[in-house]
1. In region B:25-67, which residue that is among the hydroxyl-bearing types (S, T, Y) and away from DNA strand C (no atom under 11 Å from the Cβ) is farthest from B:L9 (Cα to Cα)?
2. Taking only region B:7-16 into account, find how many residues are crowded, with 16+ Cβ neighbours inside 10 Å and more than 15 Å from DNA strand D (Cβ to nearest atom).
3. Checking the condition more than 24 Å from the chain's Cα centre (by Cα) and surrounded by 15 or more Cβ atoms within 10 Å (Cβ to Cβ), which residue from B:V39, B:V20 passes?
4. Filter region B:1-33 for residues that are among the aromatic types (F, W, Y) and free of Cβ contacts under 8 Å to residues at least 40 places away in the same chain and give the result.
5. For B:E54, which of the numbered conditions (1) touching a residue at least 12 places away in the same chain (Cβ under 8 Å); (2) buried (at least 17 other Cβ atoms within 10 Å of the Cβ) fails to hold?
6. Mind telling me which of the residues B:E11, B:E23, B:E54 ends up being closer than 21 Å to B:P106 by Cβ and among the acidic types (D, E)?
7. How many residues does region B:124-158 hold that are of a type in the set (A, V, I, L, M) and surrounded by fewer than 18 Cβ atoms within 10 Å (Cβ to Cβ)?
8. Select the helices (runs of 4 or more DSSP H) contained entirely in region B:28-121, then report the ones holding at least 1 residues which are away from DNA strand D (no atom under 13 Å from the Cβ) and within 14 Å of chain A (Cβ to nearest Cβ).
Number of protein chains: 2
Amino acid sequence: MPRATFFNLPEDKRALILRVAMEEFAAHPFPRASVNRIVKRAGIAKGSFYQYFENKKDLLLYVLQIIGEEKRAYLRPVLERAGQEDFFTLLRQLYIAGIRFAQERPLYVQIGRQLLASRNSPIYPEALARGMAIAHEIFERMIQEAIRRGEVREDLDVRLMAFLVASLNNLVVEYYTEHVASEYDERLLKVADQFIEFLRRGIGTDRQKHP
Amino acid sequence: MPRATFFNLPEDKRALILRVAMEEFAAHPFPRASVNRIVKRAGIAKGSFYQYFENKKDLLLYVLQIIGEEKRAYLRPVLERAGQEDFFTLLRQLYIAGIRFAQERPLYVQIGRQLLASRNSPIYPEALARGMAIAHEIFERMIQEAIRRGEVREDLDVRLMAFLVASLNNLVVEYYTEHVASEYDERLLKVADQFIEFLRRGIGTDRQKHP
DNA sequence: GTAAAATATGACCGACAGGTCATATGACCA
DNA sequence: TGGTCATATGACCTGTCGGTCATATTTTAC
């Protein structure tokens, strides 16, 4: 957590520092992200930086906390509809919301990529593993509920399905932003639908297969 | 390419240097992989290193070339059966061979991960992009052939299918080695079959769906 | 035995890293 | 006005990096 001094800063200065920091963590993996560059680009002295943050890790964890809160807030309306929609419809809405979130905040996508890249660095478990585990649990619960309702086949390994669903979620974003367009347009729905259709055929029960 | 001096080295010394280098590239992303550590662990002088290799990048590209050749040789027998087997059977054999290759050479898997992580580094296009494109082409050709034979639905986007098949290939390896076992055992076939079954239902024609 | 060619060596270079700290600045209060 | 306390500053510390180079040693050729 940043020190009190940071929160006493004028709003715009705080925002500038955060923006510069996010750009740095988006452009470089954690060990190569440079405090020197951040202070230079933010126009503050090196000493000031260490009045605001304990160290580089402190800053990264704070940035990730902000991103996490924003993403949860973004997906909350969708997740609150659980129970009212069938599994695949809910999943489709989650995928679409995920893509839009990614497109509206390309910096966050890059930061996530850089972090995923540092799977071997000691920073990884502290930074991302917990968040990933939470997402995984959510998908597992959704799948178990869907099996109970007869929307998903019960002869498959739930963990493997959760793994597949979570992975495809990332792949949708990757495919769309890298192979189709970097902006949000009507093709987004088509891509998401094709992925959902794969899933419906792959793990859905027979009555789900031809909607 | 390494300099001639490197190839004049006694076999065991050359092998030692390569092994140490692979361990280094497996443990750290390229920019943090340290020539200093490599020479120390290999017991050679820094100057000698630069008699053997132009620079750090030269060494990495050589390591990747070796890995690529080994993998091609490993998959060749399977790919030569193309035309004799149907699409999904061939794919299943490719997936299984891929898992076994990954398990027999865990170092290579780590090196690949570290590289994939450096997607933003200038080393990436030189090092991996070409190899990935080749794999992608192979899958696209296999899919087109399968469509011609009526084994795969023709109403889907071929590029998206190739993307999916390639991605699932990586996911199979990841899931099995991280969630099931680090050793080869009978569960390997089950995991591969679940992924293949998922694909068969998702992109196969109706006559493929219930084999 | 000797000259030439190939190979081995590690001190050294400049660049940059994260982090520290003595000191300067300026706002607030008595 | 003088004193106190939060904040700002950048020179400086130690460490590591990729890469160089003058020099020493070994191998080869005659």
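1. Going through region B:25-67, the residues among the hydroxyl-bearing types (S, T, Y) turn out to be B:34, B:48, B:50, B:52, B:62.
Filter once more, keeping what is away from DNA strand C (no atom under 11 Å from the Cβ): B:34, B:62.
Numbers: B:S34: 22, B:Y62: 16 Å.
Out of the qualifying residues, it is B:S34.
2. Filtering region B:7-16 for residues crowded, with 16+ Cβ neighbours inside 10 Å gives B:9, B:16.
Going one step further and asking which of them are more than 15 Å from DNA strand D (Cβ to nearest atom), we end up with B:16.
Residues flagged as crowded, with 16+ Cβ neighbours inside 10 Å and more than 15 Å from DNA strand D (Cβ to nearest atom) within region B:7-16 amount to 1.
3. Values: B:V20 fails: more than 24 Å from the chain's Cα centre (by Cα).
Only one candidate qualifies: B:V39.
4. Initially, region B:1-33 is screened for residues among the aromatic types (F, W, Y), giving B:6-7, B:25, B:30.
Within region B:1-33, B:F7 is the sole residue that qualifies.
5. (2)
6. Numbers: B:E11 fails: closer than 21 Å to B:P106 by Cβ; B:E54 fails: closer than 21 Å to B:P106 by Cβ.
Going through B:E11, B:E23, B:E54 in turn, the sole match is B:E23.
7. Going through region B:124-158, the residues of a type in the set (A, V, I, L, M) turn out to be B:127-129, B:132-135, B:138, B:142-143, B:146-147, B:152, B:156, B:158.
Now restrict to residues that are surrounded by fewer than 18 Cβ atoms within 10 Å (Cβ to Cβ): B:128-129, B:132-135, B:138, B:156, B:158.
Final tally of qualifying residues: 9.
8. Working: elements: B:35-42, B:46-52, B:56-79, B:87-104, B:106-117.
Where helices (runs of 4 or more DSSP H) fall fully within region B:28-121 and carry at least 1 residues being away from DNA strand D (no atom under 13 Å from the Cβ) and within 14 Å of chain A (Cβ to nearest Cβ), they are B:87-104, B:106-117.
Values in this text are rule-based calculations from the coordinates and carry no lab data. Predicted, not measured: the structure shown is a model, and the values here were computed from it. Please note: Cβ atoms are built from the backbone with ideal geometry, for glycine as well, and neighbour counts cover all protein chains shown.
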